[in-house]
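I'd like to ask some things about the structure below.
The values are calculated or read from the model by the stated rules, or taken from the named source; none is laboratory data. Owing to the predicted nature of the structure, the values given are computational and were not obtained by experimental measurement. Heads up, the Cβs are rebuilt from the backbone with ideal geometry, glycines too, and the neighbour counts pull from every protein chain shown.
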Amino acid sequence: MQADAYSSSPGAGRARSGVAQRLMWVLWPGFLAAGVAETLFFACIDPLDLHPFAGGGEVPRVAIYTLGFFFFWGVAALSSALTILLASFFNGSPGRESSSE
């Protein structure tokens, strides 16, 4: 029987650390890719040129940089999450050795 991630059994800590590890596998590469993507995107495009998409109000340049970073982070994290999902689907759970039962 497998321990629930939120139970107080001895194996619960390992289950929580596995979830945290998978979150870092998704979020950290996404964060790095978002930094690179934002740098390349805004090196070519001035944030104020995106003004028509901002709803017509005066939007500060820093706000557009911030929204762009979170957009790129979300896209890159989604890509990493899909990789984790496909790896676990085709090879069993990632990061764990398959055991014969």
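Please go through (1) modelled with pLDDT of 90 or more; (2) exposed (fewer than 14 other Cβ atoms within 10 Å of the Cβ) for residue 49 and return the number of the only condition it doesn't satisfy.
With respect to (1) modelled with pLDDT of 90 or more; (2) exposed (fewer than 14 other Cβ atoms within 10 Å of the Cβ), residue 49 is out only on (1).
For the stretch 56-83, what are the residues that are crowded, with 16+ Cβ neighbours inside 10 Å and more than 11 Å from the chain's Cα centre (by Cα)? Can you show your working first?
Looking only at the stretch 56-83, we keep the residues that are crowded, with 16+ Cβ neighbours inside 10 Å, and these are 59, 64, 68-69, 72-73, 76-77, 80-81.
Correct list: 59, 64, 68, 69.
Could you go through the stretch 7-19 and let me know if any residue there is modelled with pLDDT under 65 and among the aliphatic types (A, V, I, L, M).
So far as the stretch 7-19 goes, yes, one or more of its residues are modelled with pLDDT under 65 and among the aliphatic types (A, V, I, L, M).
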